[in-house]
1. Does VAL292 satisfy being among the β-branched types (Val, Ile, Thr) and either surrounded by fewer than 17 Cβ atoms within 10 Å (Cβ to Cβ) or under 17 Å from ALA48 (Cβ atoms) (or both)?
2. Could you list all residues from the stretch 455-481 that are within 23 Å of SER117 (Cα to Cα), small (Gly, Ala, Ser) and modelled with pLDDT under 95?
3. Go through the stretch 449-473 and give me each residue that's within 15 Å of VAL227 (Cα to Cα) and either free of Cβ contacts under 8 Å to residues at least 40 places away in the same chain or in contact with a His (Cβ under 7 Å, 6 or more places away or on another chain) (or both).
4. For residues that are free of Cβ contacts under 8 Å to residues at least 40 places away in the same chain and either closer than 25 Å to ARG495 by Cβ or within 21 Å of the chain's Cα centre (by Cα) (or both), scanning just the stretch 367-378, find the one that is surrounded by the fewest Cβ atoms within 10 Å (Cβ to Cβ).
5. Quick one: which of PHE199, PHE219, PHE229, PHE237 is under 26 Å from LEU406 (Cα atoms) and surrounded by fewer than 18 Cβ atoms within 10 Å (Cβ to Cβ)?
6. Kindly evaluate THR404 against the criterion of being at pLDDT 95 or above and either within 29 Å of VAL53 (Cβ to Cβ) or assigned to a helix (DSSP H, G or I) (or both).
7. Condition check: surrounded by fewer than 19 Cβ atoms within 10 Å (Cβ to Cβ) and closer than 21 Å to SER233 by Cα. Does ASN332 satisfy that?
8. Here is a list of conditions, (1) assigned to a helix (DSSP H, G or I); (2) touching a residue at least 60 places away in the same chain (Cβ under 8 Å); (3) buried (at least 21 other Cβ atoms within 10 Å of the Cβ); (4) in contact with a Gly (Cβ under 9 Å, 6 or more places away or on another chain), and ALA364 meets all of them except one; can you say which number that is?
Amino acid sequence: MTAQTCIPALDSRPRHDAISEQNVSARSHMPTGTLGTPAITMMVVAAAAPLTVLSGGTPLGILNGTGAGFPASFLIVGVALLLFSIGFAAMTRRVGGSGAFFNAIGHGLHPALGLGSSMLALFTYATIQVGICCFLGMQITVCLEPLLGTATPWWAWSLAAIAITGILGYRNIAMSAGVLNVLIAGEIGVALVLCVAVFAHHAPTGIDFASTFAPSAAFSGAPGVAVIFAIASFVGFESTAIYRSEARDPDVTVPRATYVAVVFVALLYTASSFAIVTAWCTAAANTDTTAVLSAGNMLQITAERYVGGWFSTIVSVLIVTSLFAAVLSFHNVLARYLQSMADARALPSALGRVSARRGSPTVASLTTTVISATIVVAVAVAGLDPFTQVFSWFSGVAVLGFVTLLVLTCVAVVVTFARRADLRVAEGPWRAIIAPAAGAVLLIAILACSLMYFPHLVGELDATGTPAFGPICAVLVACAAGALIAGVVEACIMRRANTRAYRELERALAR
C-alpha cells in the first residue's frame, strides 16, 4: 500500500460534522492578548541561552571550526534563519493554530508529515531540555562544592530545577515571562560589559576585523563544523509561533518577535564571540589560546582578566541562571506543543485542557514535568555523565532534529504559496517564494553539514581520538528518524481506524 492510498491529499477537505463541534466546545481555550513582542522575544532569547553558548559552544566552534573566523558563522546562520523567518511568518499568517512546525508542514505538505514533524519536534525539544537540565545540575554542583566542602549529586539539582519550572509553567504565562525577562536582562548585560571591556582594552593597538570577517577567514579550517555549532545556538528561535494564541495581535507580534529574535541573537553572538576572539586569538593576548579555550571556565577567565574577579563570580552565577532560563523556556514550548497536538486530536484530548483560572495548559505542563523528571532519573540511574554524555548526546541530536524541521518547513512554505496564487499575490513573491526558497537551499546545506559532522556535535570518538560515526551516532540518528516515522505511521493508522479523529487533524491543519 502506498502512502498516497493510505492518506488522502490535503486538498481533499472533509465536510463539517457534529463531533468536531462537540470536541471544540468541550475544550478550554488559551487566553488571548497576554503577550506582546518583547515578552515573546525574551522567551525565545532565553531558549538560546546566550551565556551558555558563549561559554560552551563558542570555544568549541573556534577550536574545531574556523578559528578566528568563527564569529562570521553566526552571521551566515543568521541570514539563513532570517530568510526562513520571512516565509515562516507569512505562513503563520495564513495557517491557524499554535503548532508551529506541526501546522506549517501539515498544511503545506501533508497531514502525515505534519504529524511526523510534530513527533520530531517533541523529541527535539524534550532532548534539548533534559540535556540542558542535566548540565544545569552539574554546574550547580561545581559552584557549590567549594562552599559546602563536598560534592552534591547533580541529579538532585536537576530535579529541583524541573520542579521549579513545573510550578512556573503551571501558572499563567505572564509569570514565566516576568522571570525570564529578569534573567535574560542579566545575561545580555554581562555579554555587553565583556564586549566593551575587551574592545576598549585592545582598541589602542587596533582591532583586527579582517582576520575574522574576511571571506578567507570565515571559510578557513572546517566551515561545516563552525556552521553546525553556530546553528546549535539558535535552537528554539522558531517557538515564537507557539505563543500565537496568547499573543496580542498575533499577525503583527509573532512575525515581529521572530525577526527581532533572529537579528538580535545573531548580532549578540557575533559581537560577543568576536570579543572572545579578540581577547584570546591575537598576538596581543600573549597566552596559550588553546589552553584557555579548552578550559570549561573560559568565560570566567575572560571576565577576570578584562573586568575583575568580582565580575567573574557574577558570570558564574549568571551561567547557572542562563541554563535555568533555557529549561523554563523549553518547558513552556513543550507544554504548548502538547496542547496544540491534543487540540488536533493527535494526542489524548486531556492534554489540551486549559485552566480557566490560570490560563495555562496545566495538564500538558504537568505531563512535561513528569516526562523530564523521569528521563533525568533514568540517566542518573544509568550512571551517565551529565555533560560529556547526556548534554552532548541530547543537544547534538536536538540540533539535527531542529535543522530537519527547518528544511521541511521551508519546503512547505514554498509549496503552499506555489499552489495558492491568491495567497502568493497577497504576500508578494519575496515573502512567498524567493526568501523561503533561498532559506531552504542554505538550510539543506546546513543539514548536510549536520549529518556529515554529527560526531563533532555529540563527541563520539574512534580509537585514535578522532570524531567518527559510531554506535552512539547511529542510535541517536535512529531515534530522531524514528520519531518522525512514528508520527507518519500514527497518521496512517488514525486515517484507517479513527476517521473522525483524522478529520479533526485535517481541520486543525486547514484552519
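1. Values: among the β-branched types (Val, Ile, Thr): yes; either surrounded by fewer than 17 Cβ atoms within 10 Å (Cβ to Cβ) or under 17 Å from ALA48 (Cβ atoms) (or both): no.
In short, no.
2. Matches in the stretch 455-481: none.
3. Within the stretch 449-473, just PRO455 meets the criteria.
4. Initially, the stretch 367-378 is screened for residues free of Cβ contacts under 8 Å to residues at least 40 places away in the same chain, giving 367, 370, 374, 378.
Now narrow it down to the ones that are either closer than 25 Å to ARG495 by Cβ or within 21 Å of the chain's Cα centre (by Cα) (or both): 367, 370.
Details: THR367: 20, VAL370: 12.
Here the answer is VAL370.
5. Working: PHE199 fails: under 26 Å from LEU406 (Cα atoms); PHE229 fails: surrounded by fewer than 18 Cβ atoms within 10 Å (Cβ to Cβ); PHE237 fails: surrounded by fewer than 18 Cβ atoms within 10 Å (Cβ to Cβ).
Just one listed residue meets the conditions, PHE219.
6. Details: at pLDDT 95 or above: yes; either within 29 Å of VAL53 (Cβ to Cβ) or assigned to a helix (DSSP H, G or I) (or both): yes.
Against the criterion (at pLDDT 95 or above and either within 29 Å of VAL53 (Cβ to Cβ) or assigned to a helix (DSSP H, G or I) (or both)), THR404 qualifies.
7. Details: surrounded by fewer than 19 Cβ atoms within 10 Å (Cβ to Cβ): no; closer than 21 Å to SER233 by Cα: yes.
No; evaluated as a whole, the condition is false for this residue.
8. (2)
The values are calculated or read from the model by the stated rules, or taken from the named source; none is laboratory data. This one's a predicted model, so the numbers in the text were calculated from it and none came from an experiment. Don't worry about glycine lacking a Cβ; one is built from the backbone with ideal geometry, like all the others, and counts go over all protein chains shown.
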